[in-house]
Ligand code: ASP
Ligand code: MG
């Protein structure tokens, strides 16, 4: 084995400095508090906790391109889990389960161009889904759980937030979250509306109506618009949660798949279940744990809340 060259030594130094970051212990305690608050909140409501999977023959089709990563096991193809969206729907096959959540590690091999302050190619999300729920039900749920988390953090992380010099004012929520549609904000702010509106906002807000994955439901009373939503963190921190009502009938699923040129063969068993009426009307969402931690601790980069580099377009050694 040869000695490390200068450039390699620098990479190692940077990796070690990240682990030794003086702020990280406090940041991780805040993150731990977020997850404890989530568990408490879900537990009180008896929402079933399902453990995550890390690979599956089907996974989230996503709304943007990532590098694909197929694995072979026992002569079968698996993909790394991009999100548990289909497994959330499949869990609902159990007639006794009508609400669930998963603290779910996801891998999305983002292109190097996503080396911005918000993306990690490996991250964790709190993913939840409710049978028979509407968009309005889920928006209310999101408001309640975020309020619970912020209150929990304000009560339990005062020392940490003081040491991090960020205080708790940004965690005070004064009323129901505002709700805007993408068209509305686009008109006001132009093409970069999400980032601009996030910069202008002082409290989290909902952004509805995104044309994206086939499983997010189109509004049948208003075709061309969608009953889905994001939660946008204020102060420029950007998108932190995505979700929607789901398509669940065979004809709608096939129509949306065809619109988006989805590989129907890969989804043959899912489609068969839709044919049998076994994909149910549900709605849900998922929020990124590192992103909420970044917002609460007001870090400039999402990777500032991690110990190991998973920012797209960098060199990874551990
Ligand atoms: N979990 C999200 C949802 O429920 C999808 C995603 O992971 O972006 O729609
Ligand atoms: Mg999203």
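The values are calculated or read from the model by the stated rules, or taken from the named source; none is laboratory data. Not measured: the values here are computed from a predicted model. Note that each Cβ is placed from the backbone with ideal geometry, even for glycine, and that neighbours are counted across all protein chains shown.
Just a few scattered comments:
- Taking the criterion of being assigned to a loop (DSSP other than H, G, I, E, B) and surrounded by fewer than 21 Cβ atoms within 10 Å (Cβ to Cβ), the residues of the range 300-310 that qualify are 300, 301, 307, 308, 309, 310.
- If the condition is being farther than 16 Å from residue 93 by Cα, surrounded by fewer than 23 Cβ atoms within 10 Å (Cβ to Cβ) and more than 16 Å from ligand 2 (Cβ to nearest atom), then the range 261-295 contributes 261, 262, 263, 264, 265, 266, 267, 268.
- Residue ID - nearest to ligand 2 (Cβ to nearest atom), chosen from residues in the range 226-246 that are free of Cβ contacts under 8 Å to residues at least 40 places away in the same chain and over 18 Å from residue 116 (Cα atoms): 230
- Residue check for residue 71: more than 25 Å from residue 316 (Cβ to Cβ) and either surrounded by fewer than 17 Cβ atoms within 10 Å (Cβ to Cβ) or touching a residue at least 60 places away in the same chain (Cβ under 8 Å) (or both): no
- Annotation note: of 122, 110, 132, 143, the sole residue that is touching a residue at least 12 places away in the same chain (Cβ under 8 Å), surrounded by fewer than 19 Cβ atoms within 10 Å (Cβ to Cβ) and within 15 Å of ligand 1 (Cβ to nearest atom) is 122.
- The sole residue among 34, 66 that is surrounded by 11 or more Cβ atoms within 10 Å (Cβ to Cβ) and away from ligand 1 (no atom under 13 Å from the Cβ) is 34.
- Residue list for the range 177-199, restricted to those being away from ligand 2 (no atom under 16 Å from the Cβ) and without any contact (Cβ under 8 Å) to a residue 12 or more places away in the chain: 184, 186, 187, 188, 189, 190, 191, 192, 196
- Looking only at the range 267-277, and only at residues there that are farther than 22 Å from residue 52 by Cα and assigned to a helix (DSSP H, G or I), the one that is nearest to ligand 1 (Cβ to nearest atom): 274
- Verdict on residue 280 being under 19 Å from residue 87 (Cα atoms), within 23 Å of the chain's Cα centre (by Cα), touching a residue at least 60 places away in the same chain (Cβ under 8 Å) and not in a helix (DSSP H, G or I): yes
- Residue within the range 287-297 that is under 15 Å from residue 207 (Cα atoms) and within 16 Å of ligand 1 (Cβ to nearest atom) present: yes
- Only listed residue being farther than 30 Å from residue 164 by Cα, modelled with pLDDT of 95 or more, within 16 Å of ligand 2 (Cβ to nearest atom) and in contact with a strand residue (DSSP E or B) (Cβ under 8 Å, 6 or more places away or on another chain), chosen from 88, 77: 88
- For the condition outside any helix (DSSP H, G or I), farther than 25 Å from residue 313 by Cα and touching a residue at least 40 places away in the same chain (Cβ under 8 Å), residue 137 does not qualify.
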